[in-house]
1. For the range A:78-128, state the semi-axes of the equivalent ellipsoid (square roots of 5 times the eigenvalues of the alpha-carbon gyration tensor), sorted largest first and rounded to whole angstrom.
2. Report the FRET efficiency, 1/(1 + (r/R0)^6), for A:Glu74 and B:Thr59, where r is their Cβ-Cβ distance and R0 is 45 Å, rounded to 0.05.
3. Under a crude label model (7 Å from the Cα following the beta-carbon direction), how far is B:Leu89 from A:Ala28 in nanometres?
4. Using 7 Å Cα-to-Cβ label points, what is the A:Ser41/A:Lys106 separation (nm, one decimal)?
5. Nearest beta-carbon of A to the rotation axis carrying it onto B: which residue, how many whole Å?
6. Less than 22 Å apart at the alpha-carbon level, and either on another chain or at least 8 residues along: which lysines does that give for A:Lys22?
7. Can you list, shortest first and in nm, the gaps between the label point of B:Gly11 and those of its counterparts in the other copies, using a point 7 Å from Cα in the C-beta direction?
8. If the label for B:Glu96 sits 7 angstrom from Cα along the Cα-to-Cβ line, what are its distances to the same label in every other copy, in nm to one decimal, shortest first?
Protein chains: 2
Amino acid sequence: MKIGELAKRSGCSIQTIRYYEKEGLISAPERTEGNFRLYNSVVLEKLSFIKNCRALDLTLSEIKHLVSLQNSPETPCEAVNEMIDTHLLVAESRIEDLQKLHGDLKQLRLKCGNARSVDQCGILGELLPKPERSPSGTRNERSPSGTRK
Amino acid sequence: MKIGELAKRSGCSIQTIRYYEKEGLISAPERTEGNFRLYNSVVLEKLSFIKNCRALDLTLSEIKHLVSLQNSPETPCEAVNEMIDTHLLVAESRIEDLQKLHGDLKQLRLKCGNARSVDQCGILGELLPKPERSPSGTRNERSPSGTRK
DNA sequence: TCTTGACTCTATAGTTACTACAGAGTTTAC
DNA sequence: GTAAACTCTGTAGTAACTATAGAGTCAAGA
C-alpha cells in the first residue's frame, strides 16, 4: 500500500508517517519505480505501537528506545520499568501542578462580583504584584514553565 | 537599571525580557548612549504581572490581551471572566487526561512481574497493537496530542 | 592609557512533535 | 491526451522560550 492508504488505515497523517521515518521510528520502506513509498502491513503494527506509546505521553525518543529494545529481546527489562516509573512520577507532579492551578484560577474567578468594568473587577488587581497582602508567602514562587512538560 | 539587574530582580532571564519586549508584552525602554536598555522599577510590576499570569498557565497572547485591558479600565470585564472560565475548563480536562494516563501507566507497570528480559516482560507486549484482547473497546481512541496543550 | 573581564547588543538556531505549505513529479481514470 | 488525485522533497510555522555567535560597551585596575 502507498502512504495515503497507510495513513487512513493507521490513523496517522501522511506527514507524521514521513516524520517518523525521518526520526528513525519506522524504517524506510521500499519504493516504487516512481519513488513512491510502498508499505506492507507490518508497519501498521509498528505505527500502532507508537500510537499506544504516544497515548501514554511517552516522548518520541523514549519510544525510539523501546523500539530498539524490542529488537534485542534479551536485554534486561529494567530500562523499560524505569521509563514507566519516571513517567508515573511526571504525570503525578503534573496533576498536582494542575490542581493547584485550578484552585488558583477558581479563587481568582471569585474576585469578580458583579463588576461591570475592568477596573472594578478584582481579577486584574489580583494578578498585580502583591505588596504585603497575601498571608501565604510562597504563592508566586512556582516557576511559570513548571506546569508544562 | 540595566537588563541584567532587572533579570535578577524580576526572576526572568535576560532573553525572556527581551522576548517579552519583542512580543509587545512590555514596552521598549529607553536606551543609554551605548544602546543598552535602561529600565525603571515600573517594569518590575509588569513582569510580576506576567509571571503571575504565566503561573496560571495563561498564554502570552492572553496576557497581552489582559495588559491591553489594563490600559483601558472602562472596558466591561466579561472578557476577563471568560478567559478565566475557559482556563478552568482546560485545566479540568487536562487533569482528567492525566489521571487516565496515570492509571494506564500504572496498569502497564504491573505487567512486569519479575521478568528479567524484555521479551518476558509484559510491558512491551502490552504496547503492541491489540488483536481482540481488550474487553473495553475504545482504550486507544484517544488522540496522542490530546494530553498536551 | 591600556587592558581585561563583565556586561550588553542583534540575529539566528535549537527545542517538541508535528502541521502546512510550495513546487515538482507520478499515477490513474476517462 | 489530459485532468484529477496522489506522492515526492524541502522548508517554514507552531509556543515560549533557551542558547549561541560575533560584535560592541563599560568599569576597574595596572
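What follows draws every value from the coordinates through simple rules; no lab data is involved. Remember, it's a predicted structure, so these values are computed and weren't measured experimentally. When we count neighbours, we look across all protein chains shown, and the Cβ atoms used for this are built from the backbone with ideal geometry, even at glycine.
1. Ellipsoid semi-axes (Å, largest first): 41, 8, 6.
2. On the way: r = 47 Å, r/R0 = 1.05.
The calculated FRET efficiency here is 0.45.
3. The answer from the label model is 4.6 nm.
4. Each label point lies 7 Å from its Cα, and together they span 5.0 nm.
5. Its Cβ sits closest to the axis: A:Ile95, 3.
6. Qualifying lysines at Cα under 22 Å: A:Lys2, A:Lys8, A:Lys46, A:Lys51, A:Lys64.
7. Counterpart label points of B:Gly11 in the remaining copies fall at 4.1 nm.
8. Nearest to farthest, the other copies are at 2.5 nm.
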